[in-house]
Amino acid sequence: MARIDHCSNLIHFTKGKKDALNYEEAYQSFKSIIKSKTLNSGNGKILGKHQCICFTEIPAKCLTINGTLDKKYFSRYTPFGFQLSKNDIYNLNGRPVIYSHRDEYDIEEKNPNLNWRFVTYDPNMNGKLDFTWEREWRIKKDCVELNNEKVKLVFPNMDWINRFITEHEKECYNLSLDDDCEKCYCERDATILKIKDILEDESCEIAIGNCLSSDKFPWILIDMNEK
């Protein structure tokens, strides 16, 4: 059923190591994950310090303002990320979190089958304990392997996408990032989904830019900029 408040995909966003909102740092972390083909868990701000991998199910049109994550909500992340289907996350035992009072977590504190899903929620705290807008999902695993056929790469805008394509091609041809890349290009186009088109028709794809053969460049890219 089509709903404006519902989406069939989840996104794991990245952030910088030293400065969470530093795009360059976040981009380098993003590339490291792509190279390793693995999403690693963390335990920051997770009750009980469980190792989890976190995602959001917020519909794409509610996420950004011209390619920047809306700072009213996503103040800890950058718009570099990994989109997977909700079905795939669910099949990896991923589940939506439980937004609840801390007392309810304390009751379940010794229940490892449930306590990792709790996020403290109290609407009486003037927004200080209200993270319901993140619509978070979690997987309680140390890591998840990224299948190139199932994951889509999320970027703030076309400038970052073009940079990623160029850098990937040069790395495959063992060229310096400062070298000209004329001999890198071949006939295949990169598949890029524009957020605006995804909202209108998820099957809509825009092929832009030259790239490597599909076995060496297997990803579908998402441009978060609405313009």
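Before moving on, here are some points about what is shown:
- Scan the stretch 12-33 for residues that are free of Cβ contacts under 8 Å to residues at least 12 places away in the same chain and surrounded by 17 or more Cβ atoms within 10 Å (Cβ to Cβ) and the total you get is 1.
- Residues of the stretch 22-54 that are in contact with a His (Cβ under 7 Å, 6 or more places away or on another chain) and at pLDDT below 95: Asn43 alone.
- Set side by side, the residues Arg138, Arg163 differ, and just one is modelled with pLDDT of 95 or more and among the basic types (Lys, Arg), which is Arg138.
- Residue selected from the stretch 55-82 under the condition of a type in the set (D, E, K, R) and over 12 Å from the mean Cα position of the chain (by Cα), by the criterion modelled with the highest pLDDT: Arg76
- Filter result (touching a Pro at 6+ places or on another chain (Cβ under 9 Å) and farther than 22 Å from His168 by Cα) within the stretch 12-50: Gly48, His50
- Some residue of the stretch 100-116 being in contact with a strand residue (DSSP E or B) (Cβ under 8 Å, 6 or more places away or on another chain), among the acidic types (Asp, Glu), at negative phi and assigned by TED's automatic domain parsing to the domain that holds Ser29: yes
The values are calculated or read from the model by the stated rules, or taken from the named source; none is laboratory data. Values in this document were obtained by computation on a predicted structure and should not be read as measured data. Counting neighbours? That spans all protein chains shown, and the Cβs are built from the backbone with ideal geometry, glycine included.
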